[in-house]
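Worksheet for the structure shown next.
The values are calculated or read from the model by the stated rules, or taken from the named source; none is laboratory data. This one's a predicted model, so the numbers in the text were calculated from it and none came from an experiment. Note that each Cβ is placed from the backbone with ideal geometry, even for glycine, and that neighbours are counted across all protein chains shown.
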Amino acid sequence: MYLFFEMVGAYGTFANKGVYTSPIFLNRIEDKNGVILDEFSPVTNEVLSEEKAFVMLNLMQGVTTRGSGVRLRWKYGFKNQIAGKTGTTQNQSDGWFMGVVPNLVTGVWTGAEDRAVHFRDISLGQGANMALPIWGEYMTRVYADEDLRYF
């Protein structure tokens, strides 16, 4: 699971114009009185040129316009720019989808720690069938939640 956490950070590099931002779990720790005991800030580092990051985003947009993520258009009705990448591990034991929209990178991992748990064939056990629908439902709710002000 930690590896997947790092993958979300890596894909965020493309959205951040080539700047990698280390993922963090916590922003701060407070005691019961609200006194801040410790604070954590992500570390940033430029690892790609802005041009290369732009090219990668453009390539990944193809996943959602004519590739394995195209159902985001016809099933979920998304019309906005979405860069994405599906993935499947050996024996269909893990599936994932990384979705990049302006100002938000979200990864969905499905699977089990035990490699004996898996789908019998690729038609059901691929990231486009296991993880992408979760991302689609999640983003539908993100866009519908007016309190988030994310359009």
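Structure values in brief
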item: Residue pairs meeting the criteria (Cβ under 9 Å; at least 6 apart or on separate chains; first buried (at least 19 other Cβ atoms within 10 Å of the Cβ), in region 78-96; second assigned to a strand (DSSP E or B) and among the basic types (Lys, Arg)); result: 96/85
item: Region 47-73: number of residues that are closer than 13 Å to residue 19 by Cβ and loosely packed, with under 13 Cβ neighbours inside 10 Å; result: 2
item: Some residue of region 111-124 being surrounded by 13 or more Cβ atoms within 10 Å (Cβ to Cβ) and closer than 27 Å to residue 17 by Cβ; result: no
item: Residue match in region 8-27 (condition: more than 23 Å from residue 143 (Cα to Cα), among the hydrophobic types (A, V, I, L, M, F, W, C) and part of a helix (DSSP H, G or I)); result: yes
item: Matching entry among 40, 5, 25, 54 (being without any contact (Cβ under 8 Å) to a residue 60 or more places away in the chain, among the aromatic types (Phe, Trp, Tyr) and closer than 18 Å to residue 96 by Cα); result: 5
item: Answer residue from region 78-99, given it is among the β-branched types (Val, Ile, Thr) and more than 14 Å from the chain's Cα centre (by Cα) and is modelled with the lowest pLDDT among those; result: 89
item: Tally of residues being under 28 Å from the mean Cα position of the chain (by Cα) and either within 13 Å of residue 12 (Cβ to Cβ) or in a loop (DSSP other than H, G, I, E, B) (or both) across region 28-45; result: 6
item: Residue list for region 74-95, restricted to those being among the basic types (Lys, Arg) and more than 17 Å from residue 142 (Cβ to Cβ); result: 85
item: Residues (in a helix (DSSP H, G or I), closer than 12 Å to residue 133 by Cβ and not hydrophobic (A, V, I, L, M, F, W, C)) located in region 69-104; result: 71
item: Output for region 109-148, where each listed residue is among the polar types (S, T, N, Q), touching a residue at least 24 places away in the same chain (Cβ under 8 Å) and either closer than 16 Å to residue 86 by Cα or in contact with a Leu (Cβ under 9 Å, 6 or more places away or on another chain) (or both); result: 110, 126, 129
item: Residue 149 being surrounded by 12 or more Cβ atoms within 10 Å (Cβ to Cβ), in a loop (DSSP other than H, G, I, E, B) and either among the charged types (D, E, K, R) or on the phi > 0 side of the Ramachandran plot (or both); result: no
item: Among (1) part of a helix (DSSP H, G or I); (2) on the phi < 0 side of the Ramachandran plot; (3) modelled with pLDDT under 95 - the single one residue 60 does not satisfy; result: (3)
